[in-house]
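The values are calculated or read from the model by the stated rules, or taken from the named source; none is laboratory data. Treat the numbers as computed from the prediction; the structure is a model and nothing was measured. Note that each Cβ is placed from the backbone with ideal geometry, even for glycine, and that neighbours are counted across all protein chains shown.
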Amino acid sequence: MATGLAAVALTVSGFLNVSGAAPREYIVLQSTTSTQNSGLLDYLIPIFRNKTGIGVRVVAVGTGQALKNGRNGDGDVLLVHARAAEERFVAKGFGIERRDVMYNDFVVVGPAADPAGIRGTSDVTAALAKIATRRIAFVSRGDESGTHMRERSLWAFIDIDPDGFSGGWYRETGSGMGATLNVAVGMGAYAITDRATWVGFRNKADFGILVAG
């Protein structure tokens, strides 16, 4: 298993159309909060609308919730980032096809003081181990998003169950990436985020990318 913060493919999965459904003038896009926070949809949707005459209604949630919404038929397209879950979604007949459309990567951000001493660490699991060993505040999305799934897999790789420290140095927001970053900055805590959201995030204070790659 790779332990780095490798690039993550965002994918589009079209839903199976319901027979006899009335035509609409819009589609429903189930998207990740990370994609919405990046500002990309604000750029792309007007172009799509001008070219097709079709509007787009965005539901921005974590990947897990987007896939659940998709299974319930509450959308036309998914833009998510959890390859194995996406492949299962299509294999079980909930979607028509899956395509890689773009890439993002995850980074660890934290305060300039870097109390866990992880700056420049090339192995993200080693960085997480330092945070856990020193009981330094870490904020997780805790929302079953693709980012949260990746974070959990990294803790599992080093045999650490962060649930045992919930409410202590390990905090879960149950929120999207932007809101989670705001909490992390407010607490002076570390967090894992996708790079695109971080680039567009405006409340950085003295925070920066400490681990990448």
ask   = Do the conditions hold for Asp105, that is, is it within 22 Å of Ile192 (Cβ to Cβ), loosely packed, with under 13 Cβ neighbours inside 10 Å and at pLDDT below 95?
value = no
Filter result (part of a helix (DSSP H, G or I) and either β-branched (Val, Ile, Thr) or under 21 Å from Thr147 (Cβ atoms) (or both)) within the stretch 71-96 = Arg71, Arg83, Ala84, Ala85, Glu86, Glu87, Arg88, Phe89, Val90
ask   = Being surrounded by 15 or more Cβ atoms within 10 Å (Cβ to Cβ), in a loop (DSSP other than H, G, I, E, B), under 20 Å from the mean Cα position of the chain (by Cα) and not hydrophobic (A, V, I, L, M, F, W, C), is that true of even one residue in the stretch 52-70?
value = yes
remark   = Reported set for the stretch 116-135 where residues are over 21 Å from Met177 (Cα atoms) and buried (at least 23 other Cβ atoms within 10 Å of the Cβ) is Ala116
Any pair with Cβ under 8 angstrom, 6 or more apart, that starts in the stretch 104-127 at a residue that is more than 14 Å from Ile209 (Cβ to Cβ) and ends at one that is of a type in the set (Ser, Thr, Tyr) and in a loop (DSSP other than H, G, I, E, B) = Asp123/Thr3; Thr125/Thr3
Filter result (in a helix (DSSP H, G or I), in contact (Cβ under 8 Å) with a residue 24 or more places away in the chain and over 22 Å from Trp198 (Cα atoms)) within the stretch 149-176 = Phe157, Pro162, Phe165
task = Check the stretch 136-147 and report whether any residue there is in contact with a His (Cβ under 6 Å, 6 or more places away or on another chain) and either surrounded by fewer than 15 Cβ atoms within 10 Å (Cβ to Cβ) or among the basic types (Lys, Arg) (or both).
result = yes
request  = State all residues of the stretch 186-212 that are farther than 19 Å from Leu128 by Cβ and modelled with pLDDT of 95 or more; if no residue qualifies, say none.
outcome  = Gly186, Asn203, Lys204, Ala205, Asp206
query = Which one of these is in the same structural domain as Thr133 (by the TED database) and either farther than 16 Å from Gly110 by Cα or in contact with a Leu (Cβ under 6 Å, 6 or more places away or on another chain) (or both): Ile160, Ile192?
reply = Ile160
ask   = Can you find even one residue in the stretch 182-193 that is part of a loop (DSSP other than H, G, I, E, B) and farther than 18 Å from Gly117 by Cβ?
value = no
query = Looking at (1) at pLDDT below 95; (2) in contact with a His (Cβ under 7 Å, 6 or more places away or on another chain), can you tell me which one Asp123 breaks?
reply = (2)
ask   = Among the residues of the stretch 22-51, which ones are charged (D, E, K, R), without any contact (Cβ under 8 Å) to a residue 12 or more places away in the chain and loosely packed, with under 13 Cβ neighbours inside 10 Å?
value = Arg24, Asp42, Lys51
ask   = With respect to Ala113, is the statement that it is farther than 23 Å from Gly62 by Cα and either surrounded by fewer than 21 Cβ atoms within 10 Å (Cβ to Cβ) or of a type outside the set (Lys, Arg) (or both) true?
value = yes
Members of the stretch 180-203 that are farther than 11 Å from Thr147 by Cβ and either of a type in the set (Val, Ile, Thr) or free of Cβ contacts under 8 Å to residues at least 60 places away in the same chain (or both) = Asn182, Val183, Val185, Gly186, Met187, Val199, Arg202, Asn203
